[in-house]
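Asker: Here it is, the structure, as structure tokens.
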Amino acid sequence: MMRLFSTKETKSKFVLHQNYQSVTDDDRKEVMEMYQQSLYQSYYQLWKNNESSFSSDILAHSDTPETAIRLFSEKIARLTVDEWAEFNLSSVIAYDNKKITGFALYGKDNETINKENISAYYLHYLGTAPSCFQKGIGTELMLRMLNDCQKKSIQSEDEFFEMKLHTRTFNTPAIGLYEKFGFSILTNDITHGHNDKYFCYFNQFNPALEIKPLKRATFNFGT
């Protein structure tokens, strides 16, 4: 039931940390630097591909798009580590020869109304190194994270567990990843400080069922 899928393309090792304190200072710093680069590269390319869809609040950070996206990326990277510590988030970190290639930060959703026999989680951040875009790291991070939530829900004897996340409306690669795992848009959700420039994605899982991506053709069973 708890099988994981592994992609053919990635050779990364995935390490689960249940709290902020179990991650070294060096790894936290590397996560922040990697995420800053990841945001800049992906957002800059998305801006170039479709300027009309890009959010004006990001471009307002400077007179030039390149600088605006860089400044915004730096701000979000700093916020990532701040929230990691503030909410004592769990993490899955991907390593390739001790170099961090991706990460996911998540925890209990403290802005969701408690429901009986249902545990609610929130994905705060997920990112991969620019050199690892489209190589299956994001898919594997999602799998590892969801399996951890699944295990916790089984231990708590929950009937279901839920996960919510927010992503920029123009961020088509991220949207594709979330929809691969069955997430769909939850309309008019402005929790966690978000607004109409973001989509809120939501899914509910039965912890008794195997979690898998909807498109399985490129995946092999792994451990």
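Just so you know, all these numbers are worked out from the coordinates, no wet-lab data involved. Note that the coordinates shown come from a computational prediction; the quantities given were computed from them, not determined experimentally. Glycine gets a Cβ as well: all are built from the backbone with ideal geometry, and neighbour counts include every protein chain shown.
Asker: Where does each of Asp63, Asp189 land when they are ranked from fewest to most other beta-carbon atoms within 10 angstrom?
Answerer: Going from sparsest to densest Cβ surroundings: Asp63, Asp189.
Asker: Another question, then. How high is the relative contact order of the chain, given as a whole-number percent (alpha carbon pairs under 8 Å, six or more residues apart)?
Answerer: 26 percent
Asker: Among the lysines, select those whose C-alpha is under 21 Å from the C-alpha of Lys212, and discard any that sit fewer than 8 residues away in the same chain.
Answerer: Lys8, Lys11, Lys13, Lys135, Lys151, Lys152, Lys164, Lys180
Asker: Per the helix-only calculation at 222 nm, which mean residue ellipticity applies to the chain, given -39500 (n - 2.57) for every DSSP H run of n ≥ 4 and division by its residues, nearest 500 deg cm²/dmol?
Answerer: My calculation for the chain gives -11500 deg cm²/dmol from helical runs alone.
Asker: Sort Met32, Met145 so that the residue with the fewest other Cβ atoms within 10 Å of its own Cβ comes first and the one with the most comes last.
Answerer: Met32, Met145
Asker: Moving to a separate point now. Check which residues have an amide H placed less than 5 Å from Tyr125's amide H, if you skip close sequence neighbours.
Answerer: Here the answer is Leu105, since their amide H atoms fall under 5 Å of that of Tyr125.
Asker: Another one. Working from the alpha-carbon coordinates of the range 1-159, get Rg over Rh, Rh being the Kirkwood radius.
Answerer: Ratio value, two decimals: 1.00.
Asker: Along the Cα-to-C-beta direction of Lys29, a point sits 7 Å from the Cα; which residues of the range 79-121 have their amide N less than 16 Å from that point?
Answerer: Zone members listed by number: 81-82, 99-100.
Asker: Treat each spin label as a single point 7 Å out from the Cα along the C-beta direction, and report the Gln21 to Thr67 distance in nm.
Answerer: Result for the modelled spin labels: 4.4 nm.
Asker: For Ser56 paired with Ile185, estimate the spin-label separation in nm (one decimal), with each label point 7 Å from Cα along the Cα-to-Cβ line.
Answerer: 2.0 nm
Asker: Would you kindly derive the ³J(HN,Hα) couplings of the range 99-108 from the backbone phi angles with the Karplus curve 6.51 cos²θ - 1.76 cosθ + 1.60 (θ = phi - 60°), listing them in order in whole Hz, with x for Gly and Pro?
Answerer: After applying 6.51 cos²θ - 1.76 cosθ + 1.60, I find 9, 6, 10, x, 7, 9, 10, 7, x, 4 Hz.
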